[in-house]
Amino acid sequence: MTSSTPVLRCDDPILIVDGLTKRYGWKTALSEVSFSVAPGTCLLIVGPNGAGKTTLLRILAGLTRPTAGTISWFGRAHQVVPVEVRARLGVVTHRTMLDPDLTVAENLFYYARLYRVAEPSVRVREVAELVDVVGLLHERVRQLSRGLQQRVTLARAFLHRPDVLLLDEPDTGLDRASRERLRALLDRYRERGGTVLLTTHAYEFGLEVATWALYLDRGRVVWTAADPTQVRAQLTEMDSPVVPV
Amino acid sequence: MWGQLLAILYRDLLSEWRAREVVIGMLVMALLTLLVFNFAFDLTGAQRAASGSGAFWVAVVFATLLGLGRMTARERQDGAWEGLVLAPVERSVIYVAKLLSMVLFVAIVDLVALVVLAALFDLPVFRPGVLVVLALGTVGLCALGTLFSVMTAQAKAREVLLPALLFPLAIPVVIGGVRAMMLELSGAGAEAAPWKSLLGGFAVLFAALSVLTFGVVVEE
(Lines give C-alpha, C1' and ligand atoms only; values in the text may rest on other atoms or scores of the structure.)
Protein backbone atom coordinates (compact mmCIF):
# COMPACT_ATOMS: atom_id res chain seq x y z
CA MET A 1 0.00 0.00 0.00
CA THR A 2 2.70 2.45 1.00
CA SER A 3 5.34 3.26 -1.61
CA SER A 4 8.72 1.78 -0.74
CA THR A 5 10.34 5.21 -1.19
CA PRO A 6 8.50 8.47 -0.71
CA VAL A 7 8.94 9.54 -4.34
CA LEU A 8 5.89 9.80 -6.52
CA ARG A 9 6.68 9.27 -10.19
CA CYS A 10 4.58 8.92 -13.31
CA ASP A 11 5.00 8.69 -17.06
CA ASP A 12 4.69 11.78 -19.22
CA PRO A 13 4.47 14.21 -16.28
CA ILE A 14 3.28 17.81 -16.50
CA LEU A 15 5.42 18.71 -13.48
CA ILE A 16 8.67 17.20 -12.18
CA VAL A 17 10.02 18.30 -8.82
CA ASP A 18 13.50 17.05 -8.02
CA GLY A 19 15.32 17.46 -4.72
CA LEU A 20 13.48 20.63 -3.81
CA THR A 21 14.86 22.28 -0.67
CA LYS A 22 13.93 25.58 0.92
CA ARG A 23 15.68 27.10 3.91
CA TYR A 24 14.79 30.29 5.73
CA GLY A 25 18.00 31.04 7.62
CA TRP A 26 18.59 28.07 9.93
CA LYS A 27 15.09 26.68 9.47
CA THR A 28 14.50 24.10 6.74
CA ALA A 29 10.97 24.43 5.35
CA LEU A 30 11.40 21.77 2.64
CA SER A 31 14.03 19.08 2.39
CA GLU A 32 14.81 17.08 -0.76
CA VAL A 33 11.20 16.87 -1.95
CA SER A 34 10.80 14.96 -5.21
CA PHE A 35 7.67 13.97 -7.11
CA SER A 36 6.03 14.26 -10.49
CA VAL A 37 2.45 14.91 -11.52
CA ALA A 38 0.59 13.50 -14.51
CA PRO A 39 -1.89 15.64 -16.46
CA GLY A 40 -5.55 15.24 -15.53
CA THR A 41 -4.81 14.13 -11.97
CA CYS A 42 -5.33 15.71 -8.57
CA LEU A 43 -2.42 15.57 -6.13
CA LEU A 44 -3.43 16.11 -2.53
CA ILE A 45 -0.62 17.52 -0.39
CA VAL A 46 -1.34 16.87 3.26
CA GLY A 47 0.48 17.27 6.54
CA PRO A 48 0.33 19.04 9.89
CA ASN A 49 0.76 22.77 10.34
CA GLY A 50 4.27 23.88 9.41
CA ALA A 51 4.89 20.80 7.28
CA GLY A 52 5.88 22.89 4.25
CA LYS A 53 2.72 22.54 2.14
CA THR A 54 2.28 26.26 1.53
CA THR A 55 6.01 26.75 0.89
CA LEU A 56 5.89 23.96 -1.69
CA LEU A 57 2.93 25.51 -3.53
CA ARG A 58 4.51 28.98 -3.39
CA ILE A 59 7.70 27.65 -4.97
CA LEU A 60 5.74 25.83 -7.67
CA ALA A 61 3.79 29.02 -8.41
CA GLY A 62 6.98 31.08 -8.63
CA LEU A 63 6.29 33.22 -5.57
CA THR A 64 9.35 31.93 -3.72
CA ARG A 65 12.73 30.73 -4.99
CA PRO A 66 13.95 27.32 -3.83
CA THR A 67 17.30 27.06 -2.05
CA ALA A 68 18.16 23.91 -4.03
CA GLY A 69 16.51 21.48 -6.43
CA THR A 70 14.80 21.86 -9.76
CA ILE A 71 11.26 22.25 -11.07
CA SER A 72 10.22 21.33 -14.59
CA TRP A 73 6.87 22.65 -15.73
CA PHE A 74 5.57 21.28 -19.04
CA GLY A 75 8.87 19.58 -19.86
CA ARG A 76 11.24 22.50 -19.24
CA ALA A 77 13.40 23.05 -16.17
CA HIS A 78 13.26 26.52 -14.60
CA GLN A 79 14.95 28.42 -11.82
CA VAL A 80 12.35 31.19 -12.08
CA VAL A 81 8.82 30.38 -13.30
CA PRO A 82 8.64 32.17 -16.66
CA VAL A 83 5.78 34.22 -18.10
CA GLU A 84 4.56 31.45 -20.44
CA VAL A 85 4.27 29.01 -17.51
CA ARG A 86 2.58 31.57 -15.25
CA ALA A 87 -0.05 32.03 -17.97
CA ARG A 88 -0.96 28.34 -17.61
CA LEU A 89 -1.26 28.26 -13.81
CA GLY A 90 -4.28 29.20 -11.73
CA VAL A 91 -3.29 29.88 -8.13
CA VAL A 92 -5.26 30.22 -4.91
CA THR A 93 -3.26 31.08 -1.78
CA HIS A 94 -4.34 32.01 1.74
CA ARG A 95 -4.92 35.57 0.57
CA THR A 96 -7.66 36.59 -1.81
CA MET A 97 -5.43 38.64 -4.19
CA LEU A 98 -8.44 40.91 -4.69
CA ASP A 99 -8.55 44.68 -4.31
CA PRO A 100 -11.08 45.34 -1.54
CA ASP A 101 -11.99 48.78 -2.91
CA LEU A 102 -12.95 47.44 -6.34
CA THR A 103 -16.10 45.55 -7.20
CA VAL A 104 -16.08 41.84 -7.98
CA ALA A 105 -16.49 42.59 -11.70
CA GLU A 106 -13.71 45.20 -11.67
CA ASN A 107 -11.35 42.73 -9.99
CA LEU A 108 -12.17 39.98 -12.48
CA PHE A 109 -11.82 42.35 -15.47
CA TYR A 110 -8.47 43.49 -14.10
CA TYR A 111 -7.17 39.91 -13.99
CA ALA A 112 -8.75 39.15 -17.37
CA ARG A 113 -6.66 41.93 -18.88
CA LEU A 114 -3.49 40.80 -17.09
CA TYR A 115 -4.02 37.26 -18.43
CA ARG A 116 -5.11 38.57 -21.86
CA VAL A 117 -8.37 36.65 -21.72
CA ALA A 118 -10.32 36.73 -24.99
CA GLU A 119 -13.82 38.24 -24.71
CA PRO A 120 -13.39 39.22 -21.06
CA SER A 121 -17.04 40.23 -20.55
CA VAL A 122 -18.27 36.78 -21.54
CA ARG A 123 -15.61 34.98 -19.54
CA VAL A 124 -16.12 37.08 -16.40
CA ARG A 125 -19.81 36.20 -16.46
CA GLU A 126 -19.01 32.51 -17.06
CA VAL A 127 -16.68 32.22 -14.07
CA ALA A 128 -19.07 34.24 -11.91
CA GLU A 129 -21.76 31.67 -12.77
CA LEU A 130 -19.34 28.83 -12.01
CA VAL A 131 -18.95 29.94 -8.40
CA ASP A 132 -22.40 31.50 -8.09
CA VAL A 133 -21.43 35.14 -7.59
CA VAL A 134 -23.29 36.70 -10.55
CA GLY A 135 -25.50 38.64 -8.17
CA LEU A 136 -22.44 40.08 -6.47
CA LEU A 137 -20.60 41.34 -9.55
CA HIS A 138 -21.23 44.99 -8.67
CA GLU A 139 -20.57 44.64 -4.95
CA ARG A 140 -17.29 45.89 -3.57
CA VAL A 141 -15.08 43.05 -2.36
CA ARG A 142 -14.65 44.79 1.01
CA GLN A 143 -18.38 44.31 1.67
CA LEU A 144 -18.33 40.54 1.09
CA SER A 145 -17.90 37.86 3.75
CA ARG A 146 -14.72 35.75 3.77
CA GLY A 147 -16.60 32.84 2.21
CA LEU A 148 -17.93 34.97 -0.65
CA GLN A 149 -14.51 36.49 -1.19
CA GLN A 150 -13.11 32.96 -1.43
CA ARG A 151 -15.65 32.16 -4.16
CA VAL A 152 -14.52 35.22 -6.10
CA THR A 153 -10.91 34.11 -5.56
CA LEU A 154 -11.77 30.74 -7.13
CA ALA A 155 -13.43 32.55 -10.05
CA ARG A 156 -10.20 34.51 -10.51
CA ALA A 157 -8.16 31.29 -10.57
CA PHE A 158 -10.41 29.74 -13.25
CA LEU A 159 -10.65 32.95 -15.30
CA HIS A 160 -7.89 32.28 -17.85
CA ARG A 161 -8.67 28.57 -18.30
CA PRO A 162 -5.43 27.37 -16.67
CA ASP A 163 -3.90 23.95 -17.39
CA VAL A 164 -2.93 23.52 -13.75
CA LEU A 165 -4.57 24.72 -10.55
CA LEU A 166 -2.43 25.24 -7.44
CA LEU A 167 -4.90 25.46 -4.59
CA ASP A 168 -3.74 26.18 -1.05
CA GLU A 169 -6.70 25.38 1.18
CA PRO A 170 -9.27 26.53 -1.38
CA ASP A 171 -12.14 25.45 0.89
CA THR A 172 -11.26 28.10 3.51
CA GLY A 173 -14.40 29.90 4.61
CA LEU A 174 -16.70 27.96 2.29
CA ASP A 175 -19.99 26.58 3.57
CA ARG A 176 -21.08 23.01 2.85
CA ALA A 177 -22.94 23.91 -0.37
CA SER A 178 -20.03 25.96 -1.71
CA ARG A 179 -17.60 23.18 -0.86
CA GLU A 180 -19.78 20.71 -2.73
CA ARG A 181 -19.87 23.10 -5.69
CA LEU A 182 -16.07 23.38 -5.58
CA ARG A 183 -15.71 19.60 -5.53
CA ALA A 184 -17.95 19.27 -8.60
CA LEU A 185 -16.05 22.08 -10.28
CA LEU A 186 -12.70 20.36 -9.69
CA ASP A 187 -14.10 17.03 -10.96
CA ARG A 188 -15.30 18.68 -14.17
CA TYR A 189 -12.00 20.51 -14.52
CA ARG A 190 -10.05 17.25 -14.25
CA GLU A 191 -12.36 15.44 -16.68
CA ARG A 192 -11.42 18.09 -19.23
CA GLY A 193 -7.71 17.34 -18.69
CA GLY A 194 -6.93 19.92 -16.00
CA THR A 195 -4.41 19.09 -13.28
CA VAL A 196 -4.86 20.05 -9.64
CA LEU A 197 -2.37 20.33 -6.78
CA LEU A 198 -4.29 20.84 -3.59
CA THR A 199 -3.61 21.32 0.10
CA THR A 200 -6.36 21.16 2.68
CA HIS A 201 -6.87 20.50 6.37
CA ALA A 202 -10.31 19.04 5.62
CA TYR A 203 -9.06 15.60 4.55
CA GLU A 204 -12.57 14.38 3.71
CA PHE A 205 -12.81 17.10 1.09
CA GLY A 206 -9.37 16.15 -0.18
CA LEU A 207 -10.30 12.48 -0.33
CA GLU A 208 -13.27 13.27 -2.54
CA VAL A 209 -11.17 14.95 -5.19
CA ALA A 210 -7.66 13.48 -4.90
CA THR A 211 -6.25 10.77 -7.14
CA TRP A 212 -2.77 10.92 -5.61
CA ALA A 213 -1.48 12.09 -2.26
CA LEU A 214 1.76 13.16 -0.70
CA TYR A 215 2.19 13.52 3.04
CA LEU A 216 4.70 16.10 4.28
CA ASP A 217 6.01 16.44 7.80
CA ARG A 218 8.67 18.98 8.80
CA GLY A 219 9.52 19.56 5.16
CA ARG A 220 10.05 15.91 4.24
CA VAL A 221 7.89 13.55 2.23
CA VAL A 222 6.75 10.86 4.67
CA TRP A 223 4.56 8.80 2.38
CA THR A 224 2.94 8.91 -1.03
CA ALA A 225 -0.09 7.17 -2.47
CA ALA A 226 -0.66 6.71 -6.17
CA ASP A 227 -4.37 5.96 -6.50
CA PRO A 228 -7.58 7.06 -4.73
CA THR A 229 -7.93 3.82 -2.74
CA GLN A 230 -4.39 4.13 -1.43
CA VAL A 231 -4.96 7.78 -0.61
CA ARG A 232 -8.02 6.93 1.49
CA ALA A 233 -6.32 3.99 3.19
CA GLN A 234 -3.25 6.02 4.06
CA LEU A 235 -5.22 8.94 5.42
CA THR A 236 -7.48 6.77 7.54
CA GLU A 237 -4.47 4.82 8.89
CA MET A 238 -2.70 7.97 9.94
CA ASP A 239 -2.37 8.94 13.58
CA SER A 240 -3.95 12.29 12.77
CA PRO A 241 -7.70 11.81 12.63
CA VAL A 242 -9.53 12.51 9.39
CA VAL A 243 -11.17 15.85 9.89
CA PRO A 244 -14.89 15.62 9.19
CA VAL A 245 -16.27 18.25 6.82
CA MET B 1 2.03 44.69 -23.00
CA TRP B 2 0.30 48.08 -23.22
CA GLY B 3 -3.02 46.52 -22.25
CA GLN B 4 -1.46 45.01 -19.13
CA LEU B 5 0.32 48.25 -18.26
CA LEU B 6 -2.88 50.24 -18.61
CA ALA B 7 -4.82 47.63 -16.60
CA ILE B 8 -2.41 47.98 -13.66
CA LEU B 9 -2.41 51.77 -13.92
CA TYR B 10 -6.21 51.93 -14.15
CA ARG B 11 -6.61 49.65 -11.14
CA ASP B 12 -4.20 51.74 -9.05
CA LEU B 13 -5.98 54.97 -9.93
CA LEU B 14 -9.48 53.55 -9.46
CA SER B 15 -8.52 52.00 -6.15
CA GLU B 16 -7.04 55.29 -4.96
CA TRP B 17 -10.08 57.21 -6.15
CA ARG B 18 -12.29 54.91 -4.04
CA ALA B 19 -10.06 54.68 -0.95
CA ARG B 20 -8.37 58.13 -1.07
CA GLU B 21 -5.74 56.95 1.38
CA VAL B 22 -2.47 57.63 -0.45
CA VAL B 23 -2.83 61.09 -1.99
CA ILE B 24 -4.73 62.64 0.94
CA GLY B 25 -2.04 61.53 3.38
CA MET B 26 0.68 62.85 1.09
CA LEU B 27 -1.09 66.20 0.71
CA VAL B 28 -1.49 66.66 4.44
CA MET B 29 2.19 65.87 5.00
CA ALA B 30 3.33 68.29 2.27
CA LEU B 31 1.08 71.13 3.40
CA LEU B 32 2.04 70.77 7.07
CA THR B 33 5.72 70.86 6.16
CA LEU B 34 5.29 74.01 4.07
CA LEU B 35 3.28 75.63 6.82
CA VAL B 36 5.92 74.90 9.48
CA PHE B 37 8.72 76.23 7.27
CA ASN B 38 6.64 79.30 6.51
CA PHE B 39 6.75 80.19 10.20
CA ALA B 40 10.34 79.09 10.70
CA PHE B 41 12.02 81.10 7.92
CA ASP B 42 12.61 84.77 7.41
CA LEU B 43 10.73 85.42 4.19
CA THR B 44 12.03 88.89 3.45
CA GLY B 45 14.70 89.71 0.90
CA ALA B 46 16.80 87.49 -1.31
CA GLN B 47 16.58 84.38 0.86
CA ARG B 48 12.93 83.84 0.02
CA ALA B 49 13.59 81.84 -3.16
CA ALA B 50 16.19 79.64 -1.43
CA SER B 51 13.97 79.05 1.62
CA GLY B 52 10.93 78.40 -0.56
CA SER B 53 12.60 75.86 -2.82
CA GLY B 54 14.21 74.11 0.17
CA ALA B 55 10.90 73.89 2.01
CA PHE B 56 9.18 72.66 -1.14
CA TRP B 57 11.58 69.77 -1.75
CA VAL B 58 11.57 68.69 1.88
CA ALA B 59 7.78 68.60 1.69
CA VAL B 60 7.82 66.60 -1.56
CA VAL B 61 10.39 64.07 -0.31
CA PHE B 62 8.48 63.46 2.94
CA ALA B 63 5.18 63.17 1.09
CA THR B 64 6.68 60.76 -1.45
CA LEU B 65 8.04 58.54 1.31
CA LEU B 66 4.67 58.47 2.99
CA GLY B 67 2.94 57.67 -0.31
CA LEU B 68 5.36 54.87 -1.18
CA GLY B 69 4.84 53.26 2.22
CA ARG B 70 1.07 53.52 1.96
CA MET B 71 1.00 52.17 -1.61
CA THR B 72 3.11 49.18 -0.62
CA ALA B 73 1.02 48.43 2.45
CA ARG B 74 -2.21 48.56 0.44
CA GLU B 75 -0.79 46.33 -2.26
CA ARG B 76 0.30 43.70 0.27
CA GLN B 77 -2.87 43.86 2.36
CA ASP B 78 -4.92 41.17 0.64
CA GLY B 79 -2.27 39.66 -1.58
CA ALA B 80 -2.99 41.89 -4.58
CA TRP B 81 0.76 42.10 -5.12
CA GLU B 82 0.98 38.28 -5.24
CA GLY B 83 -1.80 38.27 -7.81
CA LEU B 84 0.15 40.71 -9.95
CA VAL B 85 3.43 38.81 -9.61
CA LEU B 86 1.72 35.51 -10.48
CA ALA B 87 0.17 36.94 -13.64
CA PRO B 88 1.98 36.53 -16.97
CA VAL B 89 3.19 40.12 -16.95
CA GLU B 90 6.84 41.05 -17.55
CA ARG B 91 8.38 42.46 -14.38
CA SER B 92 9.49 45.57 -16.26
CA VAL B 93 5.85 46.28 -17.19
CA ILE B 94 4.85 46.03 -13.52
CA TYR B 95 7.63 48.43 -12.60
CA VAL B 96 6.71 51.00 -15.24
CA ALA B 97 3.02 50.84 -14.28
CA LYS B 98 3.82 51.29 -10.59
CA LEU B 99 6.23 54.11 -11.42
CA LEU B 100 3.57 55.90 -13.48
CA SER B 101 1.00 55.53 -10.68
CA MET B 102 3.42 56.99 -8.16
CA VAL B 103 4.47 59.82 -10.50
CA LEU B 104 0.80 60.76 -10.97
CA PHE B 105 0.16 60.78 -7.22
CA VAL B 106 3.30 62.85 -6.51
CA ALA B 107 2.46 65.20 -9.41
CA ILE B 108 -0.90 65.99 -7.76
CA VAL B 109 0.93 66.77 -4.51
CA ASP B 110 3.53 68.83 -6.43
CA LEU B 111 0.89 71.02 -8.03
CA VAL B 112 -1.09 71.63 -4.84
CA ALA B 113 2.12 72.27 -2.90
CA LEU B 114 3.23 74.69 -5.60
CA VAL B 115 0.03 76.71 -5.20
CA VAL B 116 0.51 76.77 -1.42
CA LEU B 117 4.16 77.75 -1.88
CA ALA B 118 3.11 80.65 -4.07
CA ALA B 119 0.59 81.79 -1.47
CA LEU B 120 2.74 81.40 1.63
CA PHE B 121 6.13 82.42 0.28
CA ASP B 122 4.89 84.92 -2.32
CA LEU B 123 7.00 83.38 -5.10
CA PRO B 124 6.40 83.34 -8.88
CA VAL B 125 6.18 79.55 -9.09
CA PHE B 126 4.22 79.08 -12.31
CA ARG B 127 7.09 79.32 -14.74
CA PRO B 128 7.89 76.69 -17.37
CA GLY B 129 11.39 76.24 -15.92
CA VAL B 130 10.01 75.48 -12.46
CA LEU B 131 7.60 72.92 -13.90
CA VAL B 132 10.45 71.22 -15.80
CA VAL B 133 12.51 70.99 -12.60
CA LEU B 134 9.51 69.58 -10.81
CA ALA B 135 8.82 66.97 -13.50
CA LEU B 136 12.44 65.76 -13.64
CA GLY B 137 12.82 65.66 -9.86
CA THR B 138 9.54 63.83 -9.38
CA VAL B 139 10.38 61.14 -11.94
CA GLY B 140 13.85 60.63 -10.43
CA LEU B 141 12.53 60.38 -6.88
CA CYS B 142 9.72 58.00 -7.87
CA ALA B 143 12.03 55.85 -10.05
CA LEU B 144 14.23 55.14 -7.05
CA GLY B 145 11.38 55.04 -4.53
CA THR B 146 9.28 52.53 -6.47
CA LEU B 147 12.20 50.10 -6.67
CA PHE B 148 13.10 50.45 -3.00
CA SER B 149 9.52 50.21 -1.77
CA VAL B 150 9.22 46.79 -3.44
CA MET B 151 12.68 45.80 -2.18
CA THR B 152 11.82 46.61 1.44
CA ALA B 153 8.19 45.51 1.36
CA GLN B 154 8.85 42.11 2.97
CA ALA B 155 11.16 43.49 5.67
CA LYS B 156 9.88 43.76 9.23
CA ALA B 157 11.23 47.28 9.73
CA ARG B 158 10.28 48.53 6.28
CA GLU B 159 9.10 51.93 7.57
CA VAL B 160 12.67 52.55 8.76
CA LEU B 161 14.45 50.73 5.96
CA LEU B 162 12.78 52.59 3.09
CA PRO B 163 13.89 56.11 4.15
CA ALA B 164 17.29 54.77 5.23
CA LEU B 165 17.88 53.40 1.72
CA LEU B 166 16.12 56.13 -0.23
CA PHE B 167 17.47 59.30 1.41
CA PRO B 168 21.19 58.80 0.73
CA LEU B 169 20.63 57.86 -2.91
CA ALA B 170 18.07 60.61 -3.44
CA ILE B 171 20.49 63.34 -2.33
CA PRO B 172 21.34 64.33 -5.93
CA VAL B 173 17.61 64.84 -6.64
CA VAL B 174 17.11 66.94 -3.52
CA ILE B 175 20.21 69.10 -4.07
CA GLY B 176 19.58 69.42 -7.82
CA GLY B 177 15.90 70.18 -7.26
CA VAL B 178 16.56 72.82 -4.61
CA ARG B 179 19.33 74.55 -6.57
CA ALA B 180 17.51 74.49 -9.92
CA MET B 181 14.23 75.67 -8.44
CA MET B 182 15.93 78.43 -6.46
CA LEU B 183 17.61 79.74 -9.63
CA GLU B 184 14.35 79.55 -11.57
CA LEU B 185 12.44 81.37 -8.81
CA SER B 186 15.06 84.12 -8.55
CA GLY B 187 14.92 84.77 -12.29
CA ALA B 188 18.26 83.14 -13.17
CA GLY B 189 16.78 80.23 -15.11
CA ALA B 190 19.69 80.02 -17.57
CA GLU B 191 22.06 79.12 -14.75
CA ALA B 192 19.84 76.21 -13.77
CA ALA B 193 20.70 74.15 -16.86
CA PRO B 194 23.46 72.02 -15.23
CA TRP B 195 21.16 71.19 -12.32
CA LYS B 196 18.36 70.25 -14.70
CA SER B 197 20.80 68.00 -16.56
CA LEU B 198 21.69 66.35 -13.26
CA LEU B 199 18.01 65.78 -12.48
CA GLY B 200 17.30 64.44 -15.98
CA GLY B 201 20.34 62.16 -15.92
CA PHE B 202 19.38 60.83 -12.50
CA ALA B 203 15.81 60.11 -13.62
CA VAL B 204 16.91 58.28 -16.78
CA LEU B 205 19.69 56.35 -15.03
CA PHE B 206 17.60 55.10 -12.13
CA ALA B 207 14.51 54.38 -14.22
CA ALA B 208 16.65 52.28 -16.59
CA LEU B 209 18.50 50.50 -13.78
CA SER B 210 15.22 49.79 -12.02
CA VAL B 211 13.62 48.34 -15.15
CA LEU B 212 16.61 46.02 -15.51
CA THR B 213 16.80 44.93 -11.87
CA PHE B 214 13.13 44.89 -10.90
CA GLY B 215 12.71 41.22 -11.90
CA VAL B 216 15.46 40.12 -9.51
CA VAL B 217 14.03 42.28 -6.72
CA VAL B 218 10.56 40.76 -7.19
CA GLU B 219 11.81 37.15 -7.38
CA GLU B 220 14.00 37.51 -4.28
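Here are the numbers:
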item	result
Within the range B:67-80, tally of residues that are of a type outside the set (D, E), more than 7 Å from chain A (Cβ to nearest Cβ) and crowded, with 20+ Cβ neighbours inside 10 Å	7
Single condition B:F121 does not satisfy, out of (1) open to solvent by 10 Å² or more (accessible area, probe 1.4 Å); (2) more than 27 Å from B:T213 (Cβ to Cβ); (3) not basic (K, R)	(1)
Helices (runs of 4 or more DSSP H) completely within the range B:75-188 that count 3 or more residues being within 18 Å of B:L27 (Cα to Cα)	B:91-121, B:128-151
Residues of the range A:1-37 satisfying the condition of being closer than 21 Å to A:T195 by Cβ, touching a Leu at 6+ places or on another chain (Cβ under 9 Å) and either modelled with pLDDT of 85 or more or open to solvent by 70 Å² or more (accessible area, probe 1.4 Å) (or both)	A:L15, A:V17, A:L20, A:L30, A:V33, A:S34, A:F35, A:S36, A:V37
Check on A:L235, touching a Lys or Arg at 6+ places or on another chain (Cβ under 8 Å), part of a helix (DSSP H, G or I) and either polar (S, T, N, Q) or farther than 23 Å from A:A61 by Cβ (or both)	no
Helices (runs of 4 or more DSSP H) enclosed by the range A:81-192 - at least 1 residues per element that are within 13 Å of another protein chain (Cβ to nearest Cβ), open to solvent by less than 50 Å² (accessible area, probe 1.4 Å) and aliphatic (A, V, I, L, M)	A:83-86, A:104-114, A:146-158
Residue satisfying condition, being surrounded by 19 or more Cβ atoms within 10 Å (Cβ to Cβ) and within 18 Å of the chain's Cα centre (by Cα), within set B:V106, B:V89	B:V106
Residues satisfying the stated conditions in the range B:124-135, i.e. open to solvent by 50 Å² or more (accessible area, probe 1.4 Å) and either hydroxyl-bearing (S, T, Y) or within 30 Å of B:T213 (Cα to Cα) (or both)	B:L131, B:V132, B:A135
Residue in the range A:38-61 that is over 16 Å from the mean Cα position of the chain (by Cα) and hydroxyl-bearing (S, T, Y) present	no
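The values are calculated or read from the model by the stated rules, or taken from the named source; none is laboratory data. In this text, all values refer to a predicted model and were calculated from it rather than measured experimentally. A quick note on method: Cβ atoms are made from the backbone with ideal geometry, for glycine too, and the neighbour counts reach across all protein chains shown. For the accessible areas, the whole protein counts, side chains as well, though only heavy atoms, and no ligand, DNA or RNA atoms are used. Shrake-Rupley method; radii C 1.70, N 1.55, O 1.52, S 1.80 Å.
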